[in-house]
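The values are calculated or read from the model by the stated rules, or taken from the named source; none is laboratory data. Worth saying up front: this structure is predicted, and the values here are computed from it rather than measured. Reconstructed Cβ throughout: ideal geometry from the backbone, glycine too, with neighbour counts over all protein chains shown. These area figures cover heavy atoms from the full protein model, side chains too; ligands, DNA and RNA do not enter into them. Shrake-Rupley method; radii C 1.70, N 1.55, O 1.52, S 1.80 Å.
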Amino acid sequence: MVHSIYSNKDVFLRELISNASDALDKLRLASMVDKDLQVDTSDLHIELEIDRSARTLTVRDNGIGMSRDEVVEVIGTIAKSGTAELLGKLRESADAGARQELIGQFGVGFYAAFMVADRVELVTRRAGESGGTRWESAGEGTYVIESVDGAPQGTSVTLHLKPADDEDNLHDYSAEWTIREIVKRYSDFIAWPIRMTVERPGEGEGDAPSTEIQTLNSMKALWARPRDEVDEAEYREFYKHVSHDWADPLDIVHMKGEGTFEYEALLFIPSHAPLDLFAPQGRRGVQLYVKRVFIMDDCEALMPNYLRFVKGVVDAHDLSLNISREILQQDRQIQVVRRRLVKKILATVKDMKANHAERYRSFWTEFGTAVKEGLIDDVENRATLLEILSVASTHDPAEPTDLAGYVGRMKEGQSDIYYATGDSRAMIENSPHMEAFGAKGYEVLLLTDPVDEVWIERVGEYDGRTLRSIAKGQVDLDTEEEKKEAEAEREQQRKDFADLLAWMGTTLADSVKEVRLSSRLTTSPACVVGDAHDITPTLEKMYRAMGHEVPSVKRILELNPGHPLVTGLRKAHEQGGAEESLTETAELLHGMALLAEGGELADPSRFTRILADRLARTL
């Protein structure tokens, strides 16, 4: 049963130490509730004792202990929780100070010892009683129980260890370094000292070895202390401990949740992105503790994927864990904590953006691409994410902008926020789609991350203004006065090019949806654009790479009526030029338009052959 619950045998010691810590908490609380209970609480501690020759490990505490009846009820019955019983009594108590949540779960947690031990002995005496109880079992369904005299107050659990077995991941738990490592990992922040007597070799040759008592855990749960009592050096040291990072954190988030559900959180925003930030199996940074007992690394339930770079600790006073404490159940408490943590992190970044420009710039450079993933899924915090968003734009070649800054610079009469996507800034700026916007002085957001293709479509608008791609739909940047002045010329162009457009539409029907005249081109002969609601080629390619079947979308070929190549093609068509030559020219126009925006040719070899033939004729 135990082997089916726990995936890591090392957690047996975590469970026993948690039970011991719980017993110490119970004794302290009992001394507060029962004034007649004569107990010494001046040196409450947990003691570990190793006997290598006998291959035993003992976990001892001087806590509340158990009576014989409690041993039968709690230890003799699998999954019976002594702490659960105490909590029920405490909740009924009129003493509000006694209403403290305890993590310990005698029962299944205690039985984890049988993963590493052939036989387990327990000796206990309840505080205030004179007689003790001894319990022993080999974990085969039966146990022996007897009364003993002279047992000290508290509980000791002695494990008769199985032989080490590397193939079964069964370590040598009689080795000092093994015990130290487990305590450091799982129980370093337990509030009570965990002590062990260790043997040290003599200082000189022939000197007898000596022993000393060492405290194995730090007991320094920084998150449980008020922020004004923790200095920056302690925060930095703790960050490096939980993150294994060599650099100092960029920012620190220290928060406490109170009310019906209590927790503390100490979170850090790193100063640089980890190498596995975009790896599918990359580590998340938040560790989960319950009452200072380590439960799990990389707690996915407490932090959304787009904030996976956040490091730190969340210590909850009471959470719904499964029986092995290894997997969180998805309940309302978890969701409440997650929402509060996310809002606090985003508020910290927002403050950084407003008051610490250099730190914010560093943050966005390192983590901006990951944060933008939140715009896709986190609808609840989308408004805040849009506020902290930083993107490049044509307004400044070096400094990025935010959306509020863009809106503040919009031209009179401009209703949409224009953007362009591409592989690089240089490619976008040199794209034919940019020509009219550059000529008219319209600012365009330059989006170069693959995730930009997704979130910009999902968000759709900002501050009541539509986010509009300059590579989609019709573009008309002229004022009403300019439209009136150019109306006659445009009408004449439509008549002059009607036959050419119809012929090219038929000739290129396998490649394009339509051929039309463009109002967005000033120097290039042609460009390809999508309809207003078409999926972009980049997004189509991304979906296909992820294994999604998406229909192929034909795009629109726009021609610049003022370009010599286009006017020359019109004249050649009117004069009845050779069909094959005209068709090849039309294909070249379409191919050049695709290449100009960074697209891919359907048949590169044909394109290069036609181009080479044409160039040869000019020599």
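Values for this structure:
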quantity: Relative frequency of Cα-Cα separations exceeding 27 Å in the stretch 357-512, percent; calculated: 35 percent
quantity: Area projected by the alpha carbon convex hull of the stretch 172-286, averaged over all directions, nm²; calculated: 11.8 nm²
quantity: Relative contact order (percent, whole number), the chain, Cα cutoff 8 Å, 6+ residue spacing; calculated: 8 percent
quantity: Cα-derived Rg over Rh, computed across the stretch 466-619 with Rh taken as Kirkwood radius; calculated: 0.99
quantity: Where N is the number of residues in the stretch 333-379, Cα Rg divided by 2.2 N^0.38 Å; calculated: 1.26
quantity: With Cα atoms, 0 to 90° folded angle of helix 579-596 axis to the chain main axis; calculated: 40 degrees
quantity: Arg283 versus Lys484: modelled label distance in nm, points set 7 Å from Cα along the beta carbon direction; calculated: 6.9 nm
quantity: Sulfur and carbon atoms: percent of accessible area, the stretch 130-242 [1.4 Å]; calculated: 46 percent
quantity: For the stretch 379-502: relative contact order, % (alpha-carbon pairs under 8 angstrom, 6 or more apart); calculated: 25 percent
quantity: Kirkwood hydrodynamic radius of the stretch 145-201, from inverse mean 1/r over distinct Cα pairs, in Å; calculated: 14.5 Å
quantity: In range of the label at Ala404: residues from the stretch 356-379 whose backbone nitrogen is under 13 Å from the point 7 Å along Cα→Cβ; calculated: 356
quantity: Accessible surface, per residue, of the chain when the full set of protein chains is kept, probe 1.4 Å, Å²; calculated: 49 Å²
quantity: Ellipticity estimate at 222 nm from DSSP helix runs (n ≥ 4, -39,500 (n - 2.57)) divided over the chain, nearest 500; calculated: -11000 deg cm²/dmol
quantity: Within the stretch 318-454, percent of DSSP bridges classed antiparallel, to nearest 5; calculated: 60 percent
quantity: Spherically averaged projected area of the stretch 507-580 from its Cα convex hull (nm²); calculated: 6.4 nm²
quantity: FRET E, pair Ser53, Glu237, Förster distance 41 Å, beta-carbon r, rounded to 0.05; calculated: 0.60
quantity: Computed FRET value (nearest 0.05) for Ser581 with Ala545, which takes r as the C-beta separation and R₀ as 35 Å; calculated: 0.35
quantity: Descending Cα extents along the principal axes, the stretch 549-619, whole Å; calculated: 44, 26, 21
quantity: Label-point separation in nm, Glu429 to Ser130, each point 7 Å along Cα→Cβ; calculated: 9.2 nm
quantity: Farthest positive-ward along the chain dipole, Cα basis, beta-carbon charges - from Gly438, Leu375, Ala596; calculated: Gly438
quantity: Distance histogram for the stretch 430-540 (every C-alpha pair counted, 5 angstrom bins, percent rounded to whole numbers); calculated: 2, 9, 16, 21, 21, 15, 10, 6, 1
quantity: Percent accessible area from carbon and sulfur atoms, the stretch 504-619, protein chains only, probe 1.4 Å; calculated: 55 percent
quantity: DSSP-defined antiparallel bridges as percent of all bridges, the stretch 405-540, nearest 5; calculated: 20 percent
quantity: Pairwise label distance in nanometres, Asn355 with Ala572, each label 7 Å out on the Cα-Cβ vector; calculated: 6.6 nm
quantity: Efficiency of FRET between Glu181 and Ala383 - r from beta-carbon atoms, R0 56 angstrom, step 0.05; calculated: 0.75
quantity: Approximate shape of the stretch 352-425 as ellipsoid semi-axes (Cα gyration tensor, √5λ), whole Å, largest first; calculated: 20, 16, 14
quantity: DSSP bridge pairs, the chain: antiparallel proportion in percent, nearest 5; calculated: 75 percent
quantity: Distance histogram in 5 Å bins (all Cα pairs of the stretch 284-417, percent per bin); calculated: 2, 9, 17, 19, 15, 12, 10, 6, 4, 3, 2, 1, 0
quantity: Surface share of carbon and sulfur [accessible, 1.4 angstrom probe, percent] for the stretch 260-319; calculated: 49 percent
quantity: Coarse-grained scattering of the stretch 120-243 at q = 0.17, 0.20, 0.22 Å⁻¹, given as base-10 log I(q)/I(0) from a Debye sum over alpha-carbon atoms; calculated: -1.13, -1.19, -1.24
quantity: Hull-based mean projected area of the stretch 251-304, where the convex hull spans the alpha carbons, in square nanometres; calculated: 4.7 nm²
quantity: Contour excess over end-to-end distance, with Cα ends at Val33 and Glu457 and 0.36 nm allotted per residue; calculated: 146.5 nm
quantity: Cα-based Rg / Dmax (Å) for the chain; calculated: 35.7, 118
quantity: Rounded tilt (10° steps) of 176-186 against the dominant C-alpha axis of the chain; calculated: 60 degrees
